[in-house]
Amino acid sequence: MREMNPLQSLITTAPGMREAVDRLHRVAPTESTVLISGETGTGKELAARALHRLSARAQRPLVALNLAAVPSTLLATELFGHEPGAFTGAAARRIGYFEMADRGTLFLDEVAELSPDMQVALLRVVQEGEIQRLGGHQTRTVDVRLIAATNRSLEDAVAEGRFRADLFYRLSVFPIHLPPLRERREDIPALADYLLRQIEPRVNKRFLGIDRESIDRLAAFSWPGNIRQLRNVLEQCAVLSDPPYVHVPRGLLGEPVGRATPRPASADFAGASDLSSMLHHNAQRLIEDALEEAAGRVHGPRGAAARLGIPASTLESKIRRLRINKYRFRLSPEERAQRTA
């Protein structure tokens, strides 16, 4: 896959995002600690990478760790490392993330998930710039530019006693908030095109772009999963579409914004590991919906193929592969109900 400049996706015309980008450019050349907030999928890690790329540390490593993905019992050794014999199974010395990021940037995502003990340990490092490996006695100085991120309100966590106020103030020296995609709809066409260029090598296809009707559908959706969900939807559609244009079938995204029932961020489209089963399930549902609307017809201007924006021969192949009985859609709804009763 060809590498793309991460700063491209930060180009925006939306006021809230323009403010975030301006703050990012202003703080990037400094050594200030940055706290990036925003819903799941808004691009917090992308913003952190942009900060690093624009900083004086750009030639040094950027090390990223999702704190929510590490069991609390292992987090200390992940962050600070350990010496041989520090605990059962610690046969060799391990370098922690702080040492790996020395003279570079350390990005800690999901910082709100830190346990009280780890909040104390992180506060000590942030205050003193020193770490001590588990099982060791030597203190080591580290020169790290720290960027933290959260999809929760740390202010609320502090007020509820779940997060240390002193650590919060240390982390939020320069806060940047990334607005959700539903608040920057004017960016969706350009953002979708940028994501499509990243997706093309994955699906082994080249597209001229996304058709106009599909762009309208993308812009009308509420995107509870934000940019991550947009990317997954585009990858689904790129797999199902034939060049030259990507088509987003009617019904894939549900009702337009204003009529949609908001879904929690946890209801995002599946990640890359679940993409295969997700594509199979959604392809069958989309084809069956199109066949029902077309009363079982595949060909013609009102057929299911035209509704899905793909050649009839391609649809026939997909119907055979998915073992869909297209003839049952030629029955009336009442007849189908009687057949399945």
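Between amide H atoms placed 1.01 Å from N, distances below 5 Å from ILE36 occur with ALA148, ALA149, THR150, ILE176, all of them 5 or more places distant or on a separate chain. Counting 0.36 nm for each residue step from ARG162 to ALA68 and taking away their Cα separation leaves a gain of 32.3 nm.
From largest to smallest, what semi-axes in whole angstrom does the stretch 6-179 give when each is the square root of 5 times an eigenvalue of its alpha carbon gyration tensor? Before the final figure, lay out the partial values.
Values: eigenvalues 163, 67, 37 Å².
After scaling each eigenvalue by five and taking roots: 29, 18, 14 Å.
Under 20 Å from the 7 Å Cα→Cβ point of LEU208, by amide nitrogen: which residues of the stretch 284-301? Taking a point 7 Å out along Cα→Cβ of LEU208, no residue of the stretch 284-301 has its backbone N under 20 Å. Extending 7 Å from Cα along the Cβ direction at TYR327 and again at ALA219 yields two label points whose distance is 4.5 nm.
Each residue of the stretch 227-242 was assigned a 3J(HN,Hα) from its phi angle through the Karplus expression (A = 6.51, B = -1.76, C = 1.60, θ = phi - 60°), giving 5, 4, 5, 4, 4, 5, 5, 5, 5, 4, 5, 5, 5, 7, 8, 10 Hz with x at Gly and Pro. Shown is the FRET efficiency for SER115 and ARG140, computed with R0 = 35 Å from the Cβ-Cβ distance and rounded to the nearest 0.05: 0.95. Extending 7 Å from Cα along the Cβ direction at ARG26 and again at ARG250 yields two label points whose distance is 4.7 nm. The modelled label-to-label distance between GLU183 and ARG197, using points 7 Å beyond Cα along the C-beta direction, is 2.7 nm. Where both bridge residues fall in the stretch 6-179, DSSP classifies roughly 15% of the beta bridges as antiparallel. The string of couplings for the stretch 169-176 from the Karplus curve (6.51, -1.76, 1.60, θ = phi - 60°) is 5, 5, 7, 9, 4, 9, x, 10 Hz, one whole number per residue in order, with x for Gly and Pro. Ordering of 192-198, 205-211 by packing is 192-198, 205-211, highest average first (other Cβ atoms within 10 Å, averaged per residue).
Laboratory data are not the source of any read-out in this text; all were calculated from the coordinates shown. Only a predicted model underlies this, so the values are computations on that prediction, with no experimental measurement involved. Reconstructed Cβ throughout: ideal geometry from the backbone, glycine too, with neighbour counts over all protein chains shown.
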